[in-house]
1. Given the chain, report the % of alpha carbon pairs whose separation exceeds 35 Å.
2. Determine, from the Cβ-Cβ distance of Arg176 and Arg93 and an R0 of 51 Å, the FRET efficiency 1/(1 + (r/R0)^6), rounded to the nearest 0.05.
3. Return the lysines within reach of Lys239: Cα separation strictly under 28 angstrom, same-chain partners fewer than 8 residues apart disregarded; answer none if there are no such residues.
4. Let me have the relative contact order for segment 124-226, percent, based on Cα pairs under 8 Å that are six or more residues apart.
5. Taking the Cα centroid of segment 137-188 and of segment 225-245, what is the distance between the two, rounded to the nearest whole Å?
6. So if each residue of separation counts as 0.36 nm, and I subtract the Cα-Cα distance between Arg55 and Thr139, what length gain in nm does that give?
7. Name all residues of segment 61-86 having a backbone nitrogen under 16 Å from the label point set 7 Å from the Cα of Val153 along its Cα→Cβ direction, giving them as ranges.
8. For the charge dipole of segment 124-226, defined by +1 on Lys and Arg C-beta atoms and -1 on Asp and Glu C-beta atoms about the Cα centroid, which residue among Thr148, Ala226, Asn206 has the Cα displaced farthest towards the positive pole?
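Read-outs: derived from the displayed coordinates by stated rules, not from any lab. Owing to the predicted nature of the structure, the values given are computational and were not obtained by experimental measurement. Every residue, glycine as well, gets a Cβ built from its backbone with ideal geometry; the counts of neighbours run over all protein chains shown.
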Amino acid sequence: MTIQTLPRVPAEIRGLIRSGEYGGVTGSLAPGYVQANLVILPKAQAFDFLLFCQRNPRPCPLLEAMEPGQFEPRLTSPQADIRTDVPRYRVFRDGQMTEEVTSIEHLWRDDLVTFLLGCSFTFESAMVDAGIPLWHWETGKNVSMYVTNMDTVPAGAFSGPMVVSMRPIHHKQVVRAVQVTSRFPGAHGAPVHIGSPERIGVGDINSPDYGDPSGFKENQVPVFWACGVTPQAVALQSKPPFMITHAPGHMFITDMKDTDLAAL
């Protein structure tokens, strides 16, 4: 099953993910609907992470925080199941990624608290509608993501570097890209850096830490946005005893419309 043949309705896509019929990246899927990063932690660490999100709204814009043990995201996607409706999950134990799975039903506990965070895939439909081409949409690849030298603001047990996503943008369209994405503060908002990757600690633009290398065309410059993969880099540094996230690029597709997050 290819991206081109997938349905466009979030609930139908989640059904295919739940049944194992689709397990790929979600960029360009369900255009017009909000996609979300996923973080699941035991209740004992949940307040610290909530505080971390409050102090770091650019990489971690909070869409929904669920009750302990609750696996239905009732605010953003009623009747969905957070344990099965993400294409691929990552499991961290004591700061090490120990496995990557397609369901976390076997790992579920009554003390687990789920956080859904805004994702830059949300504003990509608006970028395309504005005439800004996106390489990973055109190729079906994953967006490029990098660990930077920009620190997040620590909160309780959590600290670490910010991760960014990068999109090659024609230099004449950079201002337009800033304008379009600035309207989505709940999905990381405006870029955090433009050009000069080395200034944010990116040594080789062609070797992302997550995702696929991007194809640059003539007169394109790298534009970087804060990224919801940041908690995964934070997990490696802060070493929480147990943490579940999405695999980079494999997001939870909500029932929320992009326009629900757009500023006027």
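1. The proportion of pairs with Cα distances above 35 Å equals 9 percent.
2. After rounding to 0.05, the efficiency reads 0.70.
3. Correct list for Lys239: Lys43.
4. 36 percent
5. Value for the Cα centre distance between the two parts: 16 Å.
6. Details: separation 84, 0.36 × 84 = 30.24 nm, distance 3.54 nm.
Going from the current span to full extension adds 26.7 nm.
7. In segment 61-86, the label zone of Val153 (backbone N under 16 Å from the point 7 Å along Cα→Cβ) covers 61-62.
8. Going by the Cα projections, it comes out as Ala226.
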